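The values are calculated or read from the model by the stated rules, or taken from the named source; none is laboratory data. Because the structure is predicted, anything quoted here is derived from the model rather than measured. Here Cβ is always computed from backbone atoms with ideal geometry, including for glycine, and neighbour counts include all displayed protein chains.
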Amino acid sequence: MAGNQIPVTVHGAEMLKEELQRLRSEDRPNVIQAIAEAREQGDLSENAEYEAAKEKQSFIEGRISELEGKLSNLQIIDPATLNAEGRIVFGTTVRCEDLESGDIQTYQIVGEDEADIKGGKISIVSPIARAFIGKEEGEIAEVAAPGGVKEYEIIEVLYI
């Protein structure tokens, strides 16, 4: 992987593109309109609406720049096309058992922008994902957790 490439799943890339499109086509024009309306109210030095709209505009423009930068450096990875020979890699979906509690969990290893623990998507930079990378079915992954080391047995590795 090149130095500044950002790994992302196909779904994650679509989410980023949709957010950028919404910012450009909806949020940016709306905030420009809000600034124009606030200017019409007269004295800008004591105009809270104007200040809030300018702040929101600054945030929107910053996020647009951030997304444009990310999108130009994306490395889109489709797990279905990977040939990782049963090993856990970026994009892989992992069924595992918490050996302490016996709970079975399913996680997909995704990019930082896609992570959603409630949705079963864990960031590639998270301790659990780092412990899983390179493991295969039947192996034990040890994860350093605040309460000590947690062990997970890898039950299934899916490229979906």
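Could you grab me the full set of residues in region 1-46 that are modelled with pLDDT under 90, surrounded by 11 or more Cβ atoms within 10 Å (Cβ to Cβ) and acidic (Asp, Glu)?
Glu37 - this is the single residue of region 1-46 that is modelled with pLDDT under 90, surrounded by 11 or more Cβ atoms within 10 Å (Cβ to Cβ) and acidic (Asp, Glu).
Listed residues Gly120, Gly148, Gly134, Gly138; which is on the phi > 0 side of the Ramachandran plot and touching a Lys or Arg at 6+ places or on another chain (Cβ under 6 Å)? Steps first, answer last, please.
Numbers: Gly120 fails: touching a Lys or Arg at 6+ places or on another chain (Cβ under 6 Å); Gly148 fails: touching a Lys or Arg at 6+ places or on another chain (Cβ under 6 Å); Gly138 fails: touching a Lys or Arg at 6+ places or on another chain (Cβ under 6 Å).
Of Gly120, Gly148, Gly134, Gly138, the one residue that is on the phi > 0 side of the Ramachandran plot and touching a Lys or Arg at 6+ places or on another chain (Cβ under 6 Å) is Gly134.
Just give me the residues in region 117-132 being hydrophobic (A, V, I, L, M, F, W, C), over 17 Å from Gln5 (Cβ atoms) and not in a strand (DSSP E or B), in sequence order. I'd like the intermediate steps shown before the answer.
If we filter region 117-132 for residues that are hydrophobic (A, V, I, L, M, F, W, C), which is where we start, we get 117, 122, 124-125, 128-129, 131-132.
Adding the requirement that they be over 17 Å from Gln5 (Cβ atoms) leaves 117, 122, 128-129, 131-132.
Selection gives Ile117, Ile128, Ala129, Ala131, Phe132.
Which residues, counting only those in region 103-155, are farther than 28 Å from Ile76 by Cα and among the hydrophobic types (A, V, I, L, M, F, W, C)?
Residues satisfying the conditions are Ile104, Ile140, Ala144, Ala145, Val149.
Residues to consider are Glu100, Glu114; find the one that is at pLDDT below 95, surrounded by 16 or more Cβ atoms within 10 Å (Cβ to Cβ) and either in a loop (DSSP other than H, G, I, E, B) or out of contact with any Gly (no Cβ under 6 Å at 6 or more places or on another chain) (or both).
Glu114
Looking at region 53-65, can you tell me whether even one residue there is of a type in the set (Val, Ile, Thr), at pLDDT 95 or above and out of contact with any His (no Cβ under 6 Å at 6 or more places or on another chain)? Full working, then the answer.
Filtering region 53-65 for residues of a type in the set (Val, Ile, Thr) gives 60, 64.
Restricting the remaining residues to those that are at pLDDT 95 or above gives 60, 64.
From what's left, out of contact with any His (no Cβ under 6 Å at 6 or more places or on another chain): 60, 64.
Looking for residues that are of a type in the set (Val, Ile, Thr), at pLDDT 95 or above and out of contact with any His (no Cβ under 6 Å at 6 or more places or on another chain), one finds at least one in region 53-65, hence yes.
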